Amino acid sequence: MTKRETIVAITGASGSIYGLRLVDELLKRGGDVNLIISPSGFLVIEHEISLRLGKTKKEIETGLKKYFKNPFKKSSGHIKYHSHNDLLSLLASGSSLKKDMIICPCSMGTLARIAAGISGNLIERTADVVLKEKGRLIIVPRETPLNQIHLENMLKLCKMGVHIIPAMPAFYHKPKIIGDMVDFVVGKTLDAMGIENKLYKRWKPSAIVK
């Protein structure tokens, strides 16, 4: 049986915890993750999570393995880090057959460049490859309020078959901590991947308090 392999990109939008939590869940389920982090993504991770991953590729890989303890377990998937400017990466070619990609969170700048077909870094080029190879691209935008350009770019991508899951946690499941709201968005993202999960309570009419 072929192992599920997913490409995850974390950009400089606020909400880096969504991307990190997503990677953690994918690894726990035994899937391998190809991770790309933009320069702004590193800054936001350090600011919001207080996680400093380092500057060199070796330092970053060590920091990621320390953060995601799962790669040391036999049943867990493996994580491979790709530099955002490594356009010679296998991810930059359609012949690699890596067709599942999630950008979480996705900045409006990254979203706009993907919608325009501009590939200035590995995140944008990989998304372009996924689109041309008719793969599955999921974007988790995190911005508010949205202007007309943002909405038009999302509509354009939606018409191309991109699954757009805004980072909008629900409250019907009565979240008690931030983690509950993060898990709701991550659970919805896993749903879009066809990955069964119990990260959030499914809606039931009986849940309404009468």
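Bear in mind that the values in this text are calculations on the coordinates, not laboratory data. Quick caveat, the model's predicted, so the values are computed rather than measured. Cβ placement follows ideal geometry from the backbone for every residue including glycine, while neighbour counts extend to all protein chains displayed.
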Next item on the list: Among D183, D86, D128, determine the one that fluctuates most according to a GNM of the chain built with springs between C-alpha atoms less than 10 Å apart.
Entry: D86
Note to self: Using Cα springs under 10 Å in a Gaussian network model of the chain, which residue among G194, G109, G31 shows the largest mean-square fluctuation?
What the structure shows: G194
Checklist line | Long pairs among K176/K198; K3/K28; K65/K201; K28/K65; K58/K80, criterion Cα-Cα beyond 18 Å | finding: K65/K201
Next item on the list: Please report the base-10 log of the normalised intensity I(q)/I(0) for the range 115-165, using a Debye sum with one equal scatterer per alpha carbon and no solvent, at each q in 0.16, 0.17, 0.26, 0.32 (1/Å).
Entry: -0.46, -0.52, -1.13, -1.34
Checklist line | Under-5 Å amide H pairs with D100, H placed in peptide plane, nonlocal only | finding: I7, R136
Item checked: Estimated vicinal HN-Hα couplings, Hz - the range 106-117 in sequence order (Karplus 6.51, -1.76, 1.60; Gly, Pro = x) -> 10, 6, 5, x, 5, 4, 5, 5, 5, 4, 8, x
Next item on the list: Take the alpha carbon gyration tensor of the chain, find the square roots of its eigenvalues, order them as a ≥ b ≥ c, and report rounded if a/c is under 1.5; if not, report prolate when a/b exceeds b/c, else oblate.
Entry: rounded
Notebook entry, point to check: Along the range 44-51, what does the Karplus equation 6.51 cos²θ - 1.76 cosθ + 1.60 (θ = phi - 60°) give for ³J(HN,Hα), rounded to whole Hz, x for Gly and Pro?
Noted result: 5, 4, 5, 6, 8, 10, 6, 10
Notebook entry, point to check: What is the local net charge at S89, summed over the other residues whose Cβ is closer than 11 Å to its Cβ (Lys, Arg +1; Asp, Glu -1)?
Noted result: +2
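Percent of alpha carbon pairs in the range 24-137 separated by more than 22 Å?
Numbers: 2278 of 6441 pairs.
It works out to 35 percent of all Cα pairs.
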Checklist line | Candidate aspartates and glutamates for bridging to K188, where Cα separation is under 17 Å - those fewer than 8 sequence places away on the same chain excluded | finding: D24, E25, D100, D180, E196
